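Colleague: After the structure tokens below, expect a handful of questions from me.
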Amino acid sequence: MTSSRHAPAPAAPPADTVPAAGPGWAVDSPAVGTGLTARPCGDALRPAEPPATAHPVALALSGGGFRATLAGLGFVRLLADTGLLPRVRYSSSVSGGSIANGCLAAAWPELRQEGFTAQAVDAIVIAPLVDRLASRSLKRALVRGLWRTLGPTTRTDLLARRLDEWFFERAELERLDPQVRWIVNTANLTTGARLTFERDVYGDYTIGLARTAGTGLRLSRAVSASAAVPGAFPPVVLDRTPFPCATHPPALLDGGTYDNTGLEAIDGDRYRHTFLCALNAGGLLSPGVYGRVPVVRDLARANSLLYRQSTALRTRAVVERFEHARDAGPDGELPRGARRGVLVQLSTDFPADGPDALRRWHAAFPEHRTFEGRHLALVPTVFDRLDPGLCRALVYRGWWLGGAALAAHHPDLLPHDLTELRPPRR
């Protein structure tokens, strides 16, 4: 598996695929084709399931640069506070959320050794990351290393190297802890499908899956592909992986171009008995003036509208599942199409005059939506150095929203005495 600007000639397509007429566009592939329905590969390889546990939890962390990384780790901290973190069995992420997911995956054995306490999450995961983001700029580190891209190395390769140095310490996918299915989502430009990296396999449903064993494939490579924003980073091309149904090498970019919520990987009906904890820290579309350069302005706005619509549809579908589960009661058997859980965005409003548990949450922990006059949901999607106060505010925001969501919808998962909880430092 390598990242390359030039892919070798494709192998002959399987007999049950429609060959492409010439090289064509990457998205005009035999797996999808113009006007054709995508065909599942049909291979038998599947990701290993995590060990069973009572009342398992699934975590979904969206894209959104370091804004999503920090808020996502605050959300994780809330799971530690409430005792839900040891029950996590699925963790799906995109882009900035994948950095948080990767940090959690790399630290998981040590967190388990420390009992998954809030103090352990602070010391092992959050504090080192905040110190790093508040002292150095990832963007500047990438710019200083651009001379390395004069050869075959790409900017996305450089991003993977920096992620290794800053966060992941050369962790390999196959060596991640098997207690959790770690799912890092990317967008495959060749097939138009969501391609995932997991501990034991990687691939998508049209090209099939390949094993990670023996490949040396690093967590940083998966996260760099998940965070490779189009325009800023070139695709990661998997030109040495023998996917069973691939006729062209996969070319991977930011998973947010396909699903910025990270929900699709864990939203099937087979997961309905898994309690879903989802945080969407993606960008917001602000109404009003949206640019001055005509063609660029309109294309950018159209892209924002498409993103908003896809995110809204996924959110609406999950909320409908939650409502279906509510009809079944707190302890009733979940019918197909139902699910229990919480989903919040950085801009979610939990009124102080809501249910009793939510009122108690508001009284125990003040809500802080802004930093230096700016709503935290409007913090730019960047990989720059951040003010340490902003870092802590985003962590606290993710923590507070997670608690408010549980108070509003699943108060039984919070301790009766909220003074037992110690919020993250602000």
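The values are calculated or read from the model by the stated rules, or taken from the named source; none is laboratory data. All of these numbers come straight from a predicted model, not from anything done at the bench. A quick note on method: Cβ atoms are made from the backbone with ideal geometry, for glycine too, and the neighbour counts reach across all protein chains shown. Calculation scope for accessible area: heavy atoms of the full protein, side chains included, ligands and nucleic acids excluded. Shrake-Rupley method; radii C 1.70, N 1.55, O 1.52, S 1.80 Å.
Colleague: Need the C-alpha centroid separation for the stretch 51-80 versus the stretch 301-335, integer Å.
Modeller: First find each Cα centre; the distance between them is then 18 Å.
Colleague: Further, regarding this structure: With all protein chains present and a 1.4 Å probe, how do Leu45, Leu150 order by accessible area, largest first?
Modeller: Descending order: Leu150, Leu45.
Colleague: Right, something else. Multiplying the sequence separation of Arg240 and His416 by 0.36 nm and subtracting their Cα-Cα distance, what value in nm do you get? Mind dumping the intermediate values first?
Modeller: Values: separation 176, 0.36 × 176 = 63.36 nm, distance 5.44 nm.
Gain in length upon complete extension: 57.9 nm.
Colleague: Here's a follow-up. Please return the longest stretch of the chain lacking exposed loop sites, where chymotrypsin sites (Phe, Trp or Tyr not before Pro) count only if DSSP places them in a loop and at most 13 other Cβ atoms lie within 10 Å.
Modeller: Working: sites that count: Trp25, Tyr290.
That gives 26-289 as the longest site-free run.
Colleague: Under 10 Å, Cα contacts only: if you run a Gaussian network model on the chain, which one of Ala312, Ala222, Ala405 comes out with the highest mean-square fluctuation?
Modeller: Of Ala312, Ala222, Ala405, the Gaussian network model singles out Ala312 as fluctuating most.
Colleague: Would you kindly derive the ³J(HN,Hα) couplings of the stretch 78-94 from the backbone phi angles with the Karplus curve 6.51 cos²θ - 1.76 cosθ + 1.60 (θ = phi - 60°), listing them in order in whole Hz, with x for Gly and Pro?
Modeller: 5, 4, 5, 4, 9, x, 7, 4, x, 8, 5, 10, 9, 9, 10, 8, 9
Colleague: Comparing Ser226, Ser93, Ser135, which has the greatest mean-square fluctuation in the GNM of the chain with Cα pairs linked when under 10 Å apart?
Modeller: Of Ser226, Ser93, Ser135, the Gaussian network model singles out Ser135 as fluctuating most.
Colleague: Let me ask something else. Cα centroids of the stretch 245-269 and the stretch 191-216: how far apart, whole angstrom?
Modeller: 10 Å
Colleague: Apply the Karplus curve 6.51 cos²θ - 1.76 cosθ + 1.60, θ = phi - 60°, to the phi angles in the stretch 331-347 and return the couplings in whole Hz, x for Gly and Pro.
Modeller: Coupling constants for the stretch 331-347: 10, x, 5, 7, x, 4, x, 10, 6, 9, x, 9, 9, 10, 10, 4, 9 Hz.
Colleague: Considering only protein heavy atoms, with the full assembly of protein chains and a 1.4 angstrom probe, order Asp259, Asp353, Asp417 by accessible area, largest first. List each step's numbers first, then the result.
Modeller: Values: Asp259 5, Asp353 125, Asp417 70 Å².
Putting Asp259, Asp353, Asp417 in descending order of accessible area: Asp353, Asp417, Asp259.
Colleague: Another question about this same structure. Just to check I understand the Karplus step: with θ = phi - 60° and J = 6.51 cos²θ - 1.76 cosθ + 1.60, what whole-Hz values come out for the stretch 250-257, glycine and proline as x?
Modeller: Once θ is set to phi - 60°, the couplings for the stretch 250-257 become x, 10, 10, 9, 2, x, x, 6 Hz.
Colleague: Are there trypsin sites (Lys or Arg not before Pro) in the stretch 73-106 that DSSP puts in a loop and that have at most 11 other Cβ atoms within 10 Å, and which ones?
Modeller: Values: sites: Arg77, Arg87, Arg89; in loops: none.
Passing both the DSSP loop test and the Cβ count: no residue.
Colleague: Choose one of Val121, Ser135, Thr156: the residue whose Cα lies farthest towards the positive end of the charge dipole of the stretch 114-163 (beta-carbon charges +1 Lys, Arg; -1 Asp, Glu; about the Cα centre).
Modeller: About the Cα centre, the residue reaching furthest to the positive side is Thr156.
Colleague: With springs only between Cα atoms under 10 Å apart, run a GNM on the chain and tell me which of Ala317, Ala80, Ala265 wobbles the most.
Modeller: Ala317
Colleague: What accessible area, in Å² to the nearest ten, does a 1.4 Å probe give for Val237?
Modeller: For Val237, solvent-accessible area is about 20 Å².
Colleague: Moving on to the next point. The stretch 293-371: which GluC sites (Glu not before Pro) are DSSP loop and have at most 13 other beta-carbon atoms within 10 angstrom?
Modeller: Values: sites: Glu320, Glu323, Glu333, Glu367; in loops: Glu333, Glu367.
In loop regions of the stretch 293-371 (DSSP not H, G, I, E or B), the sparsely surrounded GluC sites (Glu not before Pro) are Glu333.
Colleague: By the gyration tensor of its Cα atoms, with a ≥ b ≥ c the square roots of the eigenvalues, what is the shape of the stretch 174-239: rounded for a/c under 1.5, prolate for a/b over b/c, or oblate?
Modeller: On the way: a/c = 1.83, a/b = 1.43, b/c = 1.28.
It is prolate, given that a/c is not under 1.5 and a/b is the larger ratio.
Colleague: Using amide H atoms built in the peptide plane, which far-off residues or other-chain residues are under 5 Å from Arg181 H to H?
Modeller: So Arg181 has HN proximity to Tyr90, Ser91.
Colleague: Would you calculate the separation in nanometres between label points at Arg336 and Thr370, each defined as 7 Å from the Cα along the Cα-to-beta-carbon direction?
Modeller: Reported label-point gap for Arg336 and Thr370 is 5.0 nm.
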